[in-house]
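> Here it is, the structure in full.
The values are calculated or read from the model by the stated rules, or taken from the named source; none is laboratory data. All of these numbers come straight from a predicted model, not from anything done at the bench. When we count neighbours, we look across all protein chains shown, and the Cβ atoms used for this are built from the backbone with ideal geometry, even at glycine.
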Amino acid sequence: LPEYAFIGRSNVGKSSLINMLTDRKSLAKTSGRPGKTQLINHFVINDNWYLVDLPGYGYARVSKSSKKKFQQFITNYFEQRQQLLSAFVLVDIRHKPQPIDLEFMQYLGESGIPFAIIFTKADKLKPKAIERHVDDYCQVLLKTWEELPPYFVTSSSKGIGKDAVLDFIGATNDEIENLKSN
Ligand code: GDP
């Protein structure tokens with residue numbers, strides 16, 4: 001089955017987003033405490049794709065060696081996944097582009113892994129500010145990328161962006177099916 005991986009800094013709102021996408025409040029547990037999602041979790045959605053919940057990165061208070069271990073873990077995952085159609089990199093819409101996120105996108109690009117950006121917690125900003133923050137983010141991306149990745153503005157607490165993300169996944173699955181049958 002095709003799979004889609006969700007990743008981002010700890011506390012970015014990944015568990016909440018996964019709950020929103022899957023409609024199952026108990027599926028991925030949310031917590032205000034960073035670092036709770038430690039291992040990879042797979043969820044089968046609609047019997048036709050896997051949602052892969054990767055651990056959050058960028059904890060402030062972990063040792064260098066555990067950071068290294070974590071990097072290795074993530075790298076292993078991305079190197080082995082044949083079925084991975086796209087990664088979703090989650091970023092908090094309130095924040096300026098963070099080096100760790102930009103570096104991670106760079107890594108995905110260099111590894112030939114398609115990715116999309118999911119801006120989280122959009123309910124925390126007014127519409128005008130959302131627009132400005134997204135524009136600013138895109139400007140930074142365009143300094144290193146020729147093309148912008150697909151991106152989505154979401155709020156798990158207000159249920160914003162769910163259909164857009166699921167439609168994107170559905171369309172990507174269809175594309176692959178068509179390629180296979182041709
Ligand atoms: P994770 O560590 O990336 O899995 O993040 P969580 O989903 O556990 O969320 C971290 C914190 O952000 C929690 O306190 C959530 O209630 C809060 N949060 C997550 N998504 C949203 C959102 O869309 N809007 C708001 N206002 N808060 C959110």
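> Can you tell me which residues in region 20-31 are modelled with pLDDT of 70 or more and either near the ligand (Cβ under 6 Å from one of its atoms) or over 17 Å from V91 (Cα atoms) (or both)?
Across region 20-31, the qualifying residues are T22, D23.
> Test of understanding: among V89, V140, which residue is hydrophobic (A, V, I, L, M, F, W, C), touching a helix residue (DSSP H, G or I) at 6+ places or on another chain (Cβ under 9 Å) and not in a helix (DSSP H, G or I)?
Going through V89, V140 in turn, just one is hydrophobic (A, V, I, L, M, F, W, C), touching a helix residue (DSSP H, G or I) at 6+ places or on another chain (Cβ under 9 Å) and not in a helix (DSSP H, G or I): V89.
> Test P150 against the stated conditions and say whether it is of a type outside the set (S, T, N, Q), away from the ligand (no atom under 16 Å from the Cβ) and either within 16 Å of G13 (Cα to Cα) or out of contact with any strand residue (DSSP E or B) (no Cβ under 6 Å at 6 or more places or on another chain) (or both).
Considered against the rule, which asks whether it is of a type outside the set (S, T, N, Q), away from the ligand (no atom under 16 Å from the Cβ) and either within 16 Å of G13 (Cα to Cα) or out of contact with any strand residue (DSSP E or B) (no Cβ under 6 Å at 6 or more places or on another chain) (or both), P150 comes out as no.
> Going by the structure shown, is K121 modelled with pLDDT of 95 or more, within 14 Å of the ligand (Cβ to nearest atom) and either more than 13 Å from the chain's Cα centre (by Cα) or within 17 Å of G13 (Cα to Cα) (or both)?
Criteria met by K121.
> Checking the conditions here, which among K143, K180, K124 is surrounded by 11 or more Cβ atoms within 10 Å (Cβ to Cβ) and basic (K, R)?
From the options K143, K180, K124, the qualifying one is K124.
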